[in-house]
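> This structure is in structure tokens; I'll ask about it shortly.
The values are calculated or read from the model by the stated rules, or taken from the named source; none is laboratory data. Everything numeric here is computed off the predicted structure, so don't read it as measured data. Here the Cβ is made from the backbone with ideal geometry for all residues, glycine too, and neighbour counts use every protein chain on show. Please note that ligands, DNA and RNA were not included when accessible areas were found on the heavy atoms of the full protein model with its side chains. Shrake-Rupley method; radii C 1.70, N 1.55, O 1.52, S 1.80 Å.
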Amino acid sequence: MAYDDVFQRAVEQLHAERRYRVFADLERRVGDFPRATWHAPEGPRDVVVWCSNDYLGMGQHPKVLAALTETATRVGAGAGGTRNIAGTNHPLVLLEQELADLHGKEAGLVFTSGYVSNEASISTIARLLPNCLILSDALNHASMIAGMRGSGCARKVFRHNDLDDLERLLQEAGRERPKIIAFESVYSMDGDVAPIAGICDLAERYNAMTYLDEVHAVGMYGPRGGGIAEREGVMHRVDIIEGTLAKGFGVIGGYVTASRPVIDAIRSYAPGFIFTTAMPPAIAAAARASVEHLKNSQVERDRHQRQSMQTKIALAARGLPVMPSETHIVPVLVGCPEKAKAATDMLLSEHGIYIQPINYPTVPRGTERLRISPSPAHDDALIRDLARALDAVWSKLDLPRRYEAIAAE
């Protein structure tokens with residue numbers, strides 16, 4: 001067998017489907033977010049980034065950078081190995097305590113990424129529950145689905161945010177069978193929010209555990225940045241809360257928080273934790289500084305919400321097809337992978353605006369879109385520039401327009 005030919009044909013299939021992804025060579029500049037340097041084929045160019053998941057710009061916050069550099073200078077760059085072999089570095093212990101406090105839980109556990117925290121945690125807790133049934137929202141993230149598959153447990157999917165469909169599945173399972181309801185708070189492609197209180201009501205009624213992914217909400221919602229569950233006053237009703245340090249908190253890593261027995265079981269049984277080198281102490285210190293700051297500062301969240309709303313208003317005013325969103329996510333529908341790629345190429349080359357197209361399998365075919373992520377640093381002038389650029393691209397490519405009301409906030 002010509003092995004390379006197999007892989008080449010697989011890549012060519014993506015090209016044929018207009019789903020082949022090209023990475024832009026970008027260099028962020030401290031103190032100049034959201035501007036960055038694009039290392040284009042013809043040379044470096046200044047661009048404005050409109051699709052970063054560093055939602056609040058905390059990756060360049062002075063407190064975060066100071067914690068990172070001070071800790072790296074004092075203790076070095078690496079963690080030295082897995083926590084089972086090399087021990088646990090003290091900044092990581094402090095970070096886990098900070099995260100447990102953020103979500104009002106007894107304990108927390110940090111992983112190298114949000115993907116790993118979901119995959120490892122869900123697969124482990126489900127596998128440890130005898131005859132466990134996982135009830136999964138239809139739009140759950142790939143990392144959650146990977147964890148469910150890895151558990152080897154039965155899984156049933158309920159219609160997105162549909163409490164009636166979820167209750168039907170819970171009734172079929174019965175009260176006695178161990179069950180986990182796995183769902184997200186903010187669904188990042190559409191920007192809608194789960195009915196957390198209603199799901200908790202059903203979990204209590206039918207004796208199920210709840211597993212909530214808050215990755216697109218931590219740092220950005222709630223009086224201390226604990227996420228949608230904190231904002232809605234239901235954190236104490238959710239059994240396991242998972243989050244990331246790479247979005248609202250601007251660093252890297254994932255985590256879970258829960259009761260001490262649950263966290264201890266994941267720590268003791270999850271291969272994705274046991275056999276992975278620990279988070280470096282400098283990164284842990286930086287993440288803790290970010291969490292601590294956002295627990296005590298509302299300025300970033302208020303500004304973020306304002307600029308997100310201003311972006312929706314500015315785009316809708318030009319007749320651009322802004323999809324309904326009740327959060328900071330601003331999706332703009334294109335409906336075709338080839339045209340989505342053409343639009344983003346034109347934005348980058350002609351307008352100095354970087355946005356990545358979102359295509360299948362991340363979203364269903366026919367719903368390809370641009371996913372725009374305003375931040376507190378995207379001022380009103382940048383919003384006006386974005387609206388003008390998108391308007392020009394939509395006209396040049398003859399893309400469909402809809403004059404729809406933006407979602408009520």
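> Under 4 °C and 1.567 mPa s, how fast does the range 49-163 diffuse according to Stokes-Einstein, given a Kirkwood radius computed over C-alpha pairs? Answer in µm²/s, whole number. Don't skip to the end; give the middle numbers.
Numbers: Rh = 17.3 Å.
Reported coefficient: 75 µm²/s.
> Working out 0.36 nm times the residue gap between Arg260 and His160, then minus their Cα-Cα distance, what length gain in nm do you get to one decimal? Please report the intermediate quantities before stating the final value.
On the way: separation 100, 0.36 × 100 = 36.00 nm, distance 3.06 nm.
Length gained, Arg260 through His160: 32.9 nm.
> Restricting to the chain, compute how many DSSP beta bridges are antiparallel as a %, nearest 5.
Numbers: 27 of 46 bridges.
Close to 60 percent.
> Follow-up question, since we're still on this one. Probe radius 1.4 Å, ligands and nucleic acids ignored: give me the carbon and sulfur share of the accessible area of the range 246-311 as a rounded percent.
Ligands and nucleic acids excluded, carbon and sulfur give 56 percent.
> Convert 37 °C to kelvin, take the viscosity as 0.692 mPa s, use the Kirkwood radius over C-alpha pairs of the range 294-391 as Rh, and evaluate the Stokes-Einstein diffusion coefficient in µm²/s, rounded to a whole number. Walk me through the numbers on the way to the answer.
Details: Rh = 14.0 Å.
The calculation lands on 234 µm²/s.
> Within straight cross-link reach of Lys396, meaning Cα distance under 13 Å, which aspartates and glutamates are found once same-chain residues fewer than 8 apart are removed?
Asp345, Glu350
> Hey, any idea what Rg/Rh is for the chain, computing Rh the Kirkwood way over Cα pairs? Walk me through the numbers before you get to the answer.
Values: Rg = 21.7 Å, Rh = 22.4 Å.
Computed over Cα atoms, the ratio is 0.97.
> When only DSSP loop residues count, what GluC sites (Glu not before Pro) in the range 116-222 have their Cβ near at most 16 other Cβ atoms within 10 Å?
Details: sites: Glu119, Glu167, Glu172, Glu176, Glu184, Glu204, Glu214; in loops: Glu176, Glu214.
Loop-located and lightly packed - Glu176.
> Can you figure out the FRET efficiency of Arg401 with Val299, using R₀ = 45 Å and their beta-carbon distance, to the nearest 0.05? Please list the in-between numbers first.
Details: r = 36 Å, r/R0 = 0.79.
With R0 = 45 Å, the Cβ-Cβ based efficiency is 0.80.
> Still on this structure, I have one more. Enter the accessible area per residue of the chain (Å², integer; probe 1.4 Å; all protein chains in place).
Ligands and nucleic acids excluded, the result is 43 Å² per residue.
> What's the FRET efficiency of His90 with Arg127 using the Cβ-Cβ distance as r and R₀ = 41 Å, to the nearest 0.05? Walk me through the numbers on the way to the answer.
Numbers: r = 31 Å, r/R0 = 0.76.
So the FRET efficiency works out to roughly 0.85.
> Next up: Once the dipole of the range 61-296 is set up with Lys and Arg at +1 and Asp and Glu at -1 on Cβ about the Cα centre, which of Ile125, Ser188, Gly225 lies farthest towards its positive end?
Sorting the options by dipole projection puts first Ile125.
> In deg cm²/dmol, rounded to 500, what helix-only [θ] at 222 nm does the chain give when every DSSP H run of at least 4 residues adds -39500 (n - 2.57) and the total is split over its residues? Display every interim value, and only then the final one.
Numbers: 15 runs with 177 residues, N = 409.
Theoretical 222 nm ellipticity from helices: -13500 deg cm²/dmol.
> Describe numerically, in nm with one decimal, the distance between label points set 7 Å from Cα along Cα→Cβ at Phe275 and at Glu338.
Reported label-point gap for Phe275 and Glu338 is 4.4 nm.
> Further, regarding this structure: Arranged from highest to lowest average of other beta-carbon atoms within 10 Å per residue, in what order do the peptides 238-250, 66-78, 339-351 appear?
Working: 238-250: 26.2, 66-78: 15.5, 339-351: 18.4.
Most protected by this proxy first, the peptides run 238-250, 339-351, 66-78.
> May I ask which of Lys156/Lys339; Lys247/Lys341; Lys105/Lys247 have a Cα-Cα span longer than 29 Å here? Kindly include the intermediate steps, with their values, before the conclusion.
Details: Lys156/Lys339 35 Å; Lys247/Lys341 24 Å; Lys105/Lys247 21 Å.
As for pairs spanning more than 29 Å Cα to Cα, those are Lys156/Lys339.
> Assuming R0 = 30 Å, can you tell me the calculated FRET efficiency for the pair Asp4 and Ala77, based on Cβ-Cβ distance, to the nearest 0.05? List each step's numbers first, then the result.
Working: r = 36 Å, r/R0 = 1.20.
That gives a FRET efficiency of 0.25.
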